[in-house]
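Taking it in order: structure first as structure tokens, then the write-up.
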Amino acid sequence: MLHIPQITDSHCHLDFPNFQVDRDDVIARALNAGVTRIVTICTRLRNEPQVRSIAETYRSVYYTAGTHPMHASEEPLASVEELVGLATHPKFVGIGETGLDYHYTTESRDIQRESLRIHVEAARRTELPLVIHARDADTDMMRILSEEHRAGAFGCVMHCFSSGRSLAETALDLGFYLSMSGIAAFPKSTELREILASAPIDRILVETDAPYLAPPPHRGRRNEPAFVTDTARTCAELFGLDYPDFAARTEANFDRLFAKATFRGSVS
């Protein structure tokens, strides 16, 4: 029987309404494509019970929780203790999504920065990786991550990385990971691909950010975890690797950063 390389979708949103009707089928298609682990991300802590329930329902699904920066002014400020408490669940594998987004929500930048630092401290205490969203905030992001890392080390992935070279280099210098989404496969993303291709292969993850950012040949459709294989095939070419080798390398990277997410399915 033909062996299918195993790969992980390190970031998606299975609790969003886009997946309400056919979530079982979405998970089945992912498994059939070799996507044997999926991390679904909670972006508002009040939705954590629903996200946790999804992770409990599917053996291949893990979850993280935090306050997305675009929601930081709309939600109660998370506490370190609240986030640390969530981390006791066996399928809770990371802190966030947190970060800074000045594209649409620059007016809330002060609360975003406060929220980010709270999530950093939770990641530090739990020794779980921080999941960072960064958009149009590179200078502040570099400053805060550098300051916080000097105060005490923590693991981190720059999710759906699409920022500039300076932020990429800062993140890599701090020992962090860059996650490649469907954006990296868009025809016009030449500069982004050049930045990502200059990163060490042992610091690369892949994701869908589903239901958003479907890669070619699925542009215009709802994204889903199975499509991470399409992004990964494009990304493999950047590193001069064939798909099975690239999948194996990113699996090893995921294991290193998300050490709590240990399950691997059997796909042949």
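Take residue 128 and tell me if it is among the aliphatic types (A, V, I, L, M) and assigned to a loop (DSSP other than H, G, I, E, B).
On the way: among the aliphatic types (A, V, I, L, M): yes; assigned to a loop (DSSP other than H, G, I, E, B): yes.
Considered against the rule, which asks whether it is among the aliphatic types (A, V, I, L, M) and assigned to a loop (DSSP other than H, G, I, E, B), residue 128 comes out as yes.
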- Query: Residue check: is residue 120 open to solvent by less than 30 Å² (accessible area, probe 1.4 Å), touching an Asp or Glu at 6+ places or on another chain (Cβ under 8 Å) and among the hydrophobic types (A, V, I, L, M, F, W, C)?
  - Reply: yes
- Message: List pairs: first residue in segment 8-21 and within 10 Å of residue 39 (Cβ to Cβ), second residue open to solvent by 10 Å² or more (accessible area, probe 1.4 Å) and not in a strand (DSSP E or B) anywhere in the structure, Cβ distance under 6 angstrom, at least six positions apart or on different chains.
- Response: 11/159; 11/209; 14/54
- Note on the structure: Of 35, 39, 61, the only residue that is at pLDDT 95 or above and over 13 Å from residue 93 (Cα atoms) is 35
- Restricting the first residue to segment 175-197 and requiring it to be in contact (Cβ under 8 Å) with a residue 24 or more places away in the chain and charged (D, E, K, R), which pairs with a second residue that is open to solvent by 40 Å² or more (accessible area, probe 1.4 Å) and not in a strand (DSSP E or B) meet a Cβ separation below 9 Å and a spacing of at least six or different chains? 193/234; 193/238
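For residue 226, state whether it is in a loop (DSSP other than H, G, I, E, B) and touching a helix residue (DSSP H, G or I) at 6+ places or on another chain (Cβ under 9 Å). Don't jump to the end; show me each part of the working.
Values: in a loop (DSSP other than H, G, I, E, B): no; touching a helix residue (DSSP H, G or I) at 6+ places or on another chain (Cβ under 9 Å): yes.
Criteria not met by residue 226.
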- Within segment 7-22, of all residues that are open to solvent by less than 40 Å² (accessible area, probe 1.4 Å) and more than 14 Å from residue 47 (Cα to Cα), the one farthest from the chain's Cα centre (by Cα) is 22
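Would you be able to say whether some residue in segment 94-101 is part of a strand (DSSP E or B) and over 16 Å from residue 42 (Cβ atoms)?
Here is the first cut: in segment 94-101, the ones part of a strand (DSSP E or B) are 94-101.
Restricting the remaining residues to those that are over 16 Å from residue 42 (Cβ atoms) gives 100-101.
Scanning segment 94-101 turns up at least one residue that is part of a strand (DSSP E or B) and over 16 Å from residue 42 (Cβ atoms).
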- Which residues, taken from segment 28-56, are closer than 12 Å to residue 15 by Cα, of a type in the set (S, T, N, Q) and either open to solvent by 50 Å² or more (accessible area, probe 1.4 Å) or not in a helix (DSSP H, G or I) (or both)? 40, 43, 50, 53
- Query: Is there any pair with a first residue in segment 198-227 that is in contact (Cβ under 8 Å) with a residue 12 or more places away in the chain and a second that is part of a loop (DSSP other than H, G, I, E, B) and aromatic (Phe, Trp, Tyr) whose Cβ atoms are under 7 Å apart and which are 6 or more apart or on different chains, and what are they?
  - Reply: 201/239; 211/16; 223/212
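The values are calculated or read from the model by the stated rules, or taken from the named source; none is laboratory data. Please read these numbers as outputs of a predicted model, since none were measured by experiment. All Cβ positions, even for glycine, are placed from backbone atoms using ideal geometry, and neighbour counts span all protein chains on display. Protein only, heavy atoms only, side chains kept; ligands, DNA and RNA dropped before computing areas. Shrake-Rupley method; radii C 1.70, N 1.55, O 1.52, S 1.80 Å.
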